[in-house]
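So the structure is just underneath, and the comments pick up after that.
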Amino acid sequence: MKSYCASILSIILFTSLSVINAQTDSASFGNSDQLIGKANELSDQGDYAGAILLLNRVGICDPQYPRACYELALNLYNMGQTNLAMAKCREAEYLKYDQPYLYSLMGSILDDQGKPADGIAILNNALKKWPFNQNLMYNLAICLMNDNKPDQAEKILVRALVYYPYHTRSHLALGQANYAMGRISESYLAFNMAILLTPNLNNIREFENAINSKLKIIPRGYLYPYPEGTDHRKWDEARHLLQSELAFNESFDFPYNLNFTVTRQTFMLIKCLPYEYTDTTFYNRFYVRLFSQILQSGQYETFLNYCLKNTGNQDVEAWINKYSDKISGFISWAQHFIDK
């Protein structure tokens, strides 16, 4: 009996000391908020292991412990430790850390583990509570794409972009979803919007790969016909022109010096898709309206140089140095146009 009581007392003492040490460890840094803040700084710098070491110092009795569980899960996920990351997510969920980004992360983890259907279930459930959350919708769309449901992904992405049109990755994903459905015109518009929002080589290469049929996506238009009653003639006609490679023919009138695959194909795209007031689709109301106005207002050359500004092209750098006022004016104009 004495041995049993001694064992119980030892367990209680050990538990008490562990909690006290964890709390002291957090306090020695300042407080748990500062500890998590410093961990986030390390995470932003790519030092996920360092961030994890700090986050592990948040005591289990600390009010911020559930948040620390989420932050640990995020850093573990960034290190490719998906099983451990999911375990921490489940712990945070059990501790009532009810935040949309927790479920967004859980969806991404399940998708990376080859379980997109499970990710879809979690994200759909979260969207019932946070129906306007951009990250939830984006991650749901990615899961749907990986579950071979680009048509459903497209609907979610359009909805997300109506709420917030400045999310570059959503435009990229929308380009990929439309490409998978064989809707090349809509796809190219979305890729161009992604490049306009974030002009970098990765986004340009994604569009270039779509043009050259090098995306890791096989377009299957026969599986995804337009909804019954949709007048899609102009989209089909534009697709035929774009796939004819007419834009790369020497006889094609391209009056600009930046003579590249993406610049010529985009010029063809905009020229063959005039804005129509009667077309209420997102693609016409947002993309076509914007790009046709860029062309009509004489800003296409500025648009091209702005989109290629981070490519290291010397001609582009020289143009931007010479016409920096045009670039700043174009940015302000585009933001105003998108916002109105």
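Numbers below:
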| quantity | calculated |
| --- | --- |
| Value at 222 nm in deg cm²/dmol, rounded to 500, when DSSP H runs of n ≥ 4 in the chain each add -39,500 (n - 2.57) | -21500 deg cm²/dmol |
| Cα-based Rg and Dmax for the stretch 196-276, where Dmax is the largest Cα-Cα distance (Å) | 14.4, 43 |
| Cα convex hull of the stretch 122-247 - mean projected area over all directions, nm² | 8.2 nm² |
| Translational diffusion coefficient (Stokes-Einstein; Kirkwood radius from C-alpha pairs) of the stretch 30-98 at 37 °C, 0.692 mPa s, in µm²/s | 282 µm²/s |
| Square roots of five times the Cα gyration tensor eigenvalues for the stretch 148-340, Å | 26, 19, 16 |
| The stretch 105-147: radius of gyration and largest Cα-Cα distance (Dmax), Å | 9.0, 26 |
| Most positive-pole-ward Cα, 334, 274, 106, against dipole of the chain from beta carbon charges | 106 |
| Whichever lysines have a C-alpha closer than 20 Å to that of residue 38, once near sequence neighbours (fewer than 8 apart) are set aside | 88 |
| Candidates 261, 281, 302, ranked by Gaussian network fluctuation over the chain, Cα under 10 Å, top entry | 281 |
| Helix 184-197 vs. the chain, principal-axis angle (Cα, 0 to 90°, nearest 10) | 60 degrees |
| Correct choice for mean projected area of the Cα convex hull in nm² that was computed from the model, options (i) 18.6; (ii) 23.0; (iii) 16.8 | (ii) |
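Every number in this text was worked out from the coordinates using simple rules, so none of it is lab data. Source: prediction; values computed, not measured. Note: ideal-geometry Cβ built from the backbone for every residue, glycine included; neighbour counts use all protein chains shown.
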